[in-house]
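A.B. asks: Structure incoming, see below.
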Amino acid sequence: MGITTVGVVGAGLMGSGIVEQAARSGYRVVMREIDEGALSAGTRRIDTSMARAIERGKMSTAERDEVLDRIEGTTDLNAMAGCDLVIEAIVENLDLKKSVFRELDRITRPEAILASNTSSVSITALAAVTTRPHAVAGAHFFNPVPVMKLVELVRALQTSDETIDRLRAFGASLGKKVVVAQDTPGFIVNYLLVPYLLDAVRMVESGVATKEDIDTGIALGLNHPMGPLTLLDYVGIDTTLYIADVMYEEMRDPKYAAPPLLRKMVNAGYFGRKNGRGFYEYDGVK
């Protein structure tokens, strides 16, 4: 069965990006948020992103209007009933995600695929709460979604080959390079990325080098677009801590144990770019 209508549950930074990319690729998209305020914030993110694309000559105003016409915003989860694929992009909380998957399983057609954009939660656990575990998988996008070229598909123990094939074709239709991982904590990218980020924090914590010199060393020495501490601020220090804790709980490997400095920063409210203070300070962000 082809995919023509896509639902996205959650219109935060990741969810709104998925909505935009799907609509720009010709899909009808239903975007659901918990209330009107959150829905309006998601719409503003999409508007801002496409305004930048227009400024850079990558999109015309007519194309923007066509994209917006393909997006339907709602606060009613039942609006997902006609979707061929629903991607959950809410907060990283297993119990909340399970609740959403139970409801989506009830609301959507049996042949619809249910996917999660999670970067850390077990897809196998989400599939297990549905009556269609073969049609559940991970579809992990990267921020900012319209720019980043990768999507990780995650195969739960129950996921069928047909589901992976359909999602692979969907990802390619969005202009993404698709990779497939088994349902292991962190999948491919975070499995390797999180220990690297935590080691950078440990280096600051132990006084090996300043944050500036660590970032400069990696950016220039390894030809990375940014150093690990700048990247931590971009990803979100709170988000990284949550992912690290989930991975450590699952594998009990010391390389995933969050250093005390990371937890102290989260407790102090230093989340990174999103609220203006992390390893660095950011003007104009509140």
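A.B. asks: Can you spot a residue in the stretch 244-258 that is farther than 21 Å from LEU13 by Cα, of a type in the set (A, V, I, L, M, F, W, C) and either out of contact with any Ser or Thr (no Cβ under 9 Å at 6 or more places or on another chain) or modelled with pLDDT of 95 or more (or both)?
C.D. replies: Checking the stretch 244-258: at least one residue is farther than 21 Å from LEU13 by Cα, of a type in the set (A, V, I, L, M, F, W, C) and either out of contact with any Ser or Thr (no Cβ under 9 Å at 6 or more places or on another chain) or modelled with pLDDT of 95 or more (or both).
A.B. asks: Can you tell me which residues in the stretch 144-173 are within 15 Å of the chain's Cα centre (by Cα) and either in contact (Cβ under 8 Å) with a residue 60 or more places away in the chain or farther than 20 Å from GLN21 by Cβ (or both)?
C.D. replies: PRO144, VAL145, PRO146
A.B. asks: Moving on. Give the residue that is surrounded by the most Cβ atoms within 10 Å (Cβ to Cβ), with candidates limited to residues of the stretch 207-248 that are charged (D, E, K, R) and in contact with a helix residue (DSSP H, G or I) (Cβ under 9 Å, 6 or more places away or on another chain).
C.D. replies: Only one residue tops the list, namely ASP233.
A.B. asks: Here's a follow-up. Taking VAL6 as meeting all but one of (1) part of a strand (DSSP E or B); (2) exposed (fewer than 14 other Cβ atoms within 10 Å of the Cβ); (3) of a type in the set (A, V, I, L, M), write down the number of the exception.
C.D. replies: So the condition that VAL6 fails would be (2).
A.B. asks: Further question on the same structure: Go through (1) at pLDDT 95 or above; (2) touching a Lys or Arg at 6+ places or on another chain (Cβ under 9 Å); (3) among the β-branched types (Val, Ile, Thr) and name the single condition VAL266 misses.
C.D. replies: Unmet condition: (2).
A.B. asks: Take PHE141 and tell me if it is among the aromatic types (Phe, Trp, Tyr), more than 16 Å from the chain's Cα centre (by Cα), at negative phi and assigned by TED's automatic domain parsing to the domain that holds VAL86. Steps first, please.
C.D. replies: Working: among the aromatic types (Phe, Trp, Tyr): yes; more than 16 Å from the chain's Cα centre (by Cα): no; at negative phi: yes; assigned by TED's automatic domain parsing to the domain that holds VAL86: yes.
Criteria not met by PHE141.
A.B. asks: Take the stretch 129-186 and flag every residue that is hydroxyl-bearing (Ser, Thr, Tyr) and surrounded by 18 or more Cβ atoms within 10 Å (Cβ to Cβ).
C.D. replies: Residues satisfying the conditions are THR130, THR159, THR163.
The values are calculated or read from the model by the stated rules, or taken from the named source; none is laboratory data. Note that the coordinates shown come from a computational prediction; the quantities given were computed from them, not determined experimentally. Here the Cβ is made from the backbone with ideal geometry for all residues, glycine too, and neighbour counts use every protein chain on show.
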